[in-house]
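Structure record follows, encoded as structure tokens.
Bear in mind that the values in this text are calculations on the coordinates, not laboratory data. As the structure is a computational prediction, the values presented were derived from the model and not from experiment. All Cβ positions, even for glycine, are placed from backbone atoms using ideal geometry, and neighbour counts span all protein chains on display.
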Amino acid sequence: MATLMQKIKDIEDEMARTQKNKATAHHLGLLKAKLAKLRRDLLEPPSKGGGGAGEGFDVTKSGDARVGLVGFPSVGKSTLLNKLTGTFSEVASYEFTTLTCIPGVIVYRGAKIQLLDLPGIIEGAKDGKGRGRQVISTARTCNCILIVLDAIKPITHKRLIEKELEGFGIRLNKEPPNLTFRKKDKGGINFTSTVTNTHLDLETVKAICSEYRIHNADITLRFDATADDLIDVIEGSRIYMPCIYVVNKIDQITLEELEILDKLPHYCPVSFVNLCNFPWLICSAHLEWNLDGLLEKIWEYLNLTRIYTKPKGMNPDYEDPVILSSKTRTVEDFCERIHKDFIKQFKYALVWGSSAKHKPQRVGKEHLLEDEDVVQIIKKV
């Protein structure tokens, strides 16, 4: 482990010493590939029976979505969990009060949202310090992350936490690279780009592929991709996750500082400039300020779809919606959510709501549903 961490440090030091320009792009791309492989070796759990540095906390996933609270110690994560869910998570003025993962559940707009209070992470978590790897491994299982920041020093914490999460393969508020990578048996490296590309050339692409012992592949770029984008696609284990930056403890800053925060992103003093382009929200968990706004923002970023059932001859059930994700919201997904064998009896469905051209509309199992649609399933006789 020590040898692996030393190799990581040596490469990071070499990258820091290397000037970034066209002449060094090939060398830096190679170093980034080496670094990504070393981090994978460091963070992947060992074979069966050995426990696992890369394993998260053993918390059973429940509800319709999972949201993780990530932040440094004593920024108010436990208080947020207590206030939002009514679940007790110990709160104190000293660091590392929470030593394991504490789950709670919020029922919001008919959806059950599991909230995880994760232990505070420290700088170097991605390299094995503290319980950081357990924290971040559990964060990878979430549908959304709340990075909780202290209002007194939000930027310092923000940068450090992003670095730790990035190092563990979590990409915040990003889409997967629009890049096609396909291995083949022969023919060498075939590299094409449909756009003007300023970061990658054939030499750099070949160097990165060579580090992964890939000598035959077709690679097509549809945007101005970087070496990091190519490495992410080759690694294939990256998590692309929505993230909300929660600036907590606003009751501990002055009214002038609060007014500055309130004007963002329209006005950005130097100390807060890096928050401007990120989805952020201010609150005080202790005084319960703007917790409704936080729940609204969580709902927005989870992008869940509520579908109401309508048994034949009865009124729709508006009390207990079926919750679907934005990526799985066909009528077939709806049927499978009710019962895995339900689709076998499916004949057609009647749909009322924004996805229907007329009300009701008779649809098949491929029909895409919209939030608050009403569905009646007609079974085979």
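Before moving on, here are some points about what is shown:
- Estimated at 0.36 nm per residue, the fully extended path between Asp341 and Asp224 surpasses their Cα-Cα distance by 37.6 nm.
- Listing Met241, Met15 from fewest to most neighbouring C-beta atoms within 10 Å gives Met15, Met241.
- Fully extended contour minus Cα-Cα distance, from Arg362 to Leu295, at 0.36 nm per residue: 20.6 nm
- For the stretch 210-245, the set of trypsin sites (Lys or Arg not before Pro) satisfying both a DSSP loop assignment and a count of at most 15 other C-beta atoms within 10 Å is given as Arg213, Arg222.
- Diffusion constant of the stretch 305-379 at 37 °C, which comes from Stokes-Einstein with the Kirkwood Cα-pair radius and 0.692 mPa s, µm²/s: 274 µm²/s
- Separation of the alpha carbons by more than 19 angstrom is noted, of Lys158/Lys249; Lys61/Lys249; Lys77/Lys249; Lys9/Lys37; Lys312/Lys380, for Lys61/Lys249.
- Of every Cα-Cα pair in the stretch 152-237, the percent that sits beyond 17 Å: 53 percent
- Low-density loop cleavage sites - trypsin sites (Lys or Arg not before Pro) in the stretch 129-209, where at most 13 other Cβ are within 10 Å (DSSP): Lys184, Lys186
- Separation in nanometres of the label points that stand 7 Å from Cα toward Cβ, at Arg182 and Tyr318: 5.0 nm
- For Glu370, the amide hydrogen comes within under 5 Å of the amide hydrogens of Ser355, counting only partners 5 or more places away or on other chains and with H modelled in the peptide plane.
- Annotation: the residues Glu203, Glu372, Glu256, sorted from fewest to most other C-beta atoms within 10 Å of their own C-beta, follow the order Glu256, Glu203, Glu372.
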